[in-house]
Amino acid sequence: MTVRRSTRARLGLAIGAVGATAVVLAGCASTNSGGGSTAASSQPLIIGTTDKITSIDPAGSYDNGSFAVMNQIYPFLLNSKYGTAEVTPDIATSAEFTSPTEYTVKLKPGLKYANGDALDSSDVKFSFDRMVKINDPNGPASLLGNLDSVETPDATTVVFHLKNPNDQTWAQVLSSPAAPIVDEKVFSADKVTPDNTIVEGKAFAGQYEIKSYKVNQLIEYVPYKGYQGNLGAPQNSGVTVKYYADPSNEKLDIGKGNIDVAFPSLSPSDISDLKTNKNVKVVDGPGGAIRYIVWNFNTMPFGATAQGADAAKALAVRQAAADLIDRPAIAKDVYQDTFTPLYSYVAQGFTGANDSLKGLYGDGKGGPSLDKAKQTLQAAGVTTPVTLNLQYNGDHYGASSGDEYAKIKAQLENGGLFTVNLAQTEWVTYQKQRVDGYPVYQLGWFPDFSDADNYLTPFFSKENFLSNHYDNPQVQDLLAKEATNPDANSRKQQIEQIQDLVAKDLSTIPLLQGTQIAVVGKDVQGTTLDASFKFRYAPLHK
């Protein structure tokens, strides 16, 4: 994942039949049982990361660094047990469709937050209502686009009324970044709540509570004994997370045993080097993460609000760029093949993924073609070189982003068709400025849940989180249909058709697909990297 933006246009998605789109990704890495009520071990752990926190209010962020905290401290109605992407009741006792547009959840009785406040259906309604109302530009409200209203007949019953019936991903949405349950006595109903207010209010009911909090520096977690979810008690007595500005320091600390876990963001060369270190283990798991370039249809060269606006020329610019990009070279030279070339919009391994871009651009076999790029621009009457102001980020997407985008700049400038002005911005600012601030820019995506739709609706709906002004009515229609189509074969065809249409429009250019990699001390057990794409602290122990 990475960053996502709110939109009301997530036209219905989801449904009870969890994972109606099958995931055929590999199984989890190493897994500790973790569930049940097993007592915690006596040893705390130290985890290192370079992922930054934007906000620990679920309404105010949509990035891995923030969600990594939320996963530990907030409860979910539904969640996936360790080693699986399938979601089952967490603090709920049951969850099911009681009509095509009604999804009913029964809560466990007697739930409480760490501050003693009761957690009941009123908090659930509050959590979802505020998410939709706040609709923060950096929040995940887009995932609730199919939510019409929330009803609470009694203290342990919640009924979600949906706009579109037979939502094929709704159960998964309830385990996503849009669905942490928060304390209505601590959180604001209509604005993002400051981190310190949440911490001081002890508004925790997940597996951990926060003992101390220095944003993007150090967080201390201790097990929350009142957690009643199905994931069970933590297998450690506590976790301290240390935030690194420089991944090379993180690599040194994990290599020397100063920290127990490094996740994620170490460079391919660091990981390769650590594989020879007898003091650590390198653990990998299925990867749904993708890296891609976003085009802003308004501000890109010849965009709708740019000087000399011309939709045909703008399309030719995107097509020529796609012709010139050499994905295998980026994967090999920059990432030492820890990433693989990506020619589809849905990550490979998910039902419906196809190589829609491969035959359309470059040499038609996955390689670049300067001749084709020249022909495309000439046919559209585009004067070259075209100036591209290309923005990227180096502290969120890993230290290799600089090398990645230097490579892309060189590829685009090969033959003199483009002049690329590269610029980098630190992550917190980047998140805020990317919306209409950058004409062409880097993003990465880490799926919220394991369904192909999570690679489509958030990107290509009319008011997508990219906010890049892309709007194809045929795509909108197909998004609504696949999201509510209970016929698996028919839905797969619709997902493939959406990718084919978007590949012609080139709203984004997918580049690479990665894996999940953690480096842990040799005595650390329980590392769980699975197709839920959630990194859990609780099963870790030594």
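The values are calculated or read from the model by the stated rules, or taken from the named source; none is laboratory data. In this text, all values refer to a predicted model and were calculated from it rather than measured experimentally. Ideal geometry is used to build each Cβ from the backbone, glycine not excepted, and the neighbour counts take in all protein chains shown. Quick note on the areas: whole protein, heavy atoms, side chains included, nothing else; ligands and nucleic acids left out. Shrake-Rupley method; radii C 1.70, N 1.55, O 1.52, S 1.80 Å.
From the set of residues in segment 177-200 that are assigned to a loop (DSSP other than H, G, I, E, B) and acidic (Asp, Glu), which is least open to solvent (accessible area, probe 1.4 Å)?
The extreme case among them is 183.
Does residue 108 fit the bill of being touching a residue at least 24 places away in the same chain (Cβ under 8 Å), closer than 30 Å to residue 64 by Cβ and open to solvent by 50 Å² or more (accessible area, probe 1.4 Å)?
The answer is no for residue 108.
Which residues, counting only those in segment 418-442, are open to solvent by less than 10 Å² (accessible area, probe 1.4 Å), of a type outside the set (Lys, Arg) and either assigned to a helix (DSSP H, G or I) or more than 17 Å from residue 299 (Cα to Cα) (or both)?
427, 430, 431 - these are the residues of segment 418-442 that are open to solvent by less than 10 Å² (accessible area, probe 1.4 Å), of a type outside the set (Lys, Arg) and either assigned to a helix (DSSP H, G or I) or more than 17 Å from residue 299 (Cα to Cα) (or both).
With 94, 142, 122, 149 as the choices, which residue is more than 24 Å from residue 224 (Cβ to Cβ) and either aliphatic (A, V, I, L, M) or open to solvent by 10 Å² or more (accessible area, probe 1.4 Å) (or both)?
Only one candidate passes the filter, namely 149.
On the basis of being under 24 Å from residue 162 (Cα atoms), among the hydroxyl-bearing types (Ser, Thr, Tyr), in a loop (DSSP other than H, G, I, E, B) and touching a helix residue (DSSP H, G or I) at 6+ places or on another chain (Cβ under 9 Å), does residue 450 make the cut?
yes
Looking at this structure, is residue 517 at pLDDT below 90 and either open to solvent by 10 Å² or more (accessible area, probe 1.4 Å) or in contact with a helix residue (DSSP H, G or I) (Cβ under 9 Å, 6 or more places away or on another chain) (or both)?
So residue 517 passes the test.
Taking segment 57-84 as the search range and keeping residues that are open to solvent by less than 10 Å² (accessible area, probe 1.4 Å) and among the charged types (D, E, K, R), which one is modelled with the highest pLDDT?
Among those residues, the one meeting the criterion is 57.
For segment 233-246, give me the residue count where each residue is over 11 Å from residue 537 (Cβ atoms), surrounded by 18 or more Cβ atoms within 10 Å (Cβ to Cβ) and over 25 Å from the mean Cα position of the chain (by Cα).
Result for segment 233-246: 1.
Check 355, 371, 363 and return the single one that is within 25 Å of the chain's Cα centre (by Cα), charged (D, E, K, R) and surrounded by fewer than 16 Cβ atoms within 10 Å (Cβ to Cβ).
355
Determine whether segment 459-467 contains at least one residue that is in contact (Cβ under 8 Å) with a residue 24 or more places away in the chain, closer than 17 Å to residue 512 by Cα and open to solvent by less than 20 Å² (accessible area, probe 1.4 Å).
For segment 459-467, residues in contact (Cβ under 8 Å) with a residue 24 or more places away in the chain, closer than 17 Å to residue 512 by Cα and open to solvent by less than 20 Å² (accessible area, probe 1.4 Å): present.
Would you check if there is a residue in segment 401-412 being open to solvent by 10 Å² or more (accessible area, probe 1.4 Å) and more than 26 Å from the chain's Cα centre (by Cα)?
Checked segment 401-412: at least one residue is open to solvent by 10 Å² or more (accessible area, probe 1.4 Å) and more than 26 Å from the chain's Cα centre (by Cα).
What number of residues within segment 304-328 satisfy the criterion of being closer than 24 Å to residue 414 by Cα, small (Gly, Ala, Ser) and open to solvent by less than 50 Å² (accessible area, probe 1.4 Å)?
5
Kindly provide the set of residues from segment 182-209 that are farther than 15 Å from residue 116 by Cα and aliphatic (A, V, I, L, M), ordered by number.
Residues satisfying the conditions are 189, 192.
Within the set of pairs 6+ apart or on separate chains, which have a first residue in segment 77-104 that is of a type in the set (Asp, Glu), a second that is in a loop (DSSP other than H, G, I, E, B) and open to solvent by 40 Å² or more (accessible area, probe 1.4 Å), and C-beta atoms under 7 Å apart?
Listed by first residue and then by second, the contacts come to 86/18; 90/230.
If I filter segment 210-225 down to residues being within 24 Å of residue 178 (Cβ to Cβ) and in contact with a Gly (Cβ under 9 Å, 6 or more places away or on another chain), which single residue comes out as least open to solvent (accessible area, probe 1.4 Å)?
Only one residue tops the list, namely 221.
Hey, among the residues in segment 381-400 that are more than 24 Å from residue 245 (Cβ to Cβ) and part of a loop (DSSP other than H, G, I, E, B), which one's least open to solvent (accessible area, probe 1.4 Å)?
In this case the residue turns out to be 382.
Considering only segment 69-160, give the strands (runs of 3 or more DSSP E) lying wholly within it that have at least 3 residues that are hydrophobic (A, V, I, L, M, F, W, C) and under 30 Å from residue 216 (Cα atoms).
Because the criterion is at least 3 residues that are hydrophobic (A, V, I, L, M, F, W, C) and under 30 Å from residue 216 (Cα atoms), no strands (runs of 3 or more DSSP E) in segment 69-160 meet it.
Do the conditions hold for residue 255, that is, is it open to solvent by less than 30 Å² (accessible area, probe 1.4 Å), over 24 Å from the mean Cα position of the chain (by Cα), without any contact (Cβ under 8 Å) to a residue 60 or more places away in the chain and closer than 17 Å to residue 46 by Cβ?
Spelling it out, residue 255 is indeed open to solvent by less than 30 Å² (accessible area, probe 1.4 Å), over 24 Å from the mean Cα position of the chain (by Cα), without any contact (Cβ under 8 Å) to a residue 60 or more places away in the chain and closer than 17 Å to residue 46 by Cβ.
Kindly establish whether residue 331 is among the hydrophobic types (A, V, I, L, M, F, W, C) and either assigned to a strand (DSSP E or B) or within 25 Å of the chain's Cα centre (by Cα) (or both).
So residue 331 fits the description; yes.
Being out of contact with any Ser or Thr (no Cβ under 7 Å at 6 or more places or on another chain) and free of Cβ contacts under 8 Å to residues at least 40 places away in the same chain narrows it down to one of 242, 214, so name that one.
214
Identify the single condition in (1) of a type in the set (S, T, N, Q); (2) touching a helix residue (DSSP H, G or I) at 6+ places or on another chain (Cβ under 7 Å); (3) over 18 Å from residue 62 (Cβ atoms); (4) outside any loop (DSSP other than H, G, I, E, B) that residue 378 does not satisfy, given that it satisfies every other one.
(2)
Hey, among the residues in segment 473-487 that are in a loop (DSSP other than H, G, I, E, B) and open to solvent by 30 Å² or more (accessible area, probe 1.4 Å), which one's modelled with the lowest pLDDT?
Among them, the one singled out is 486.
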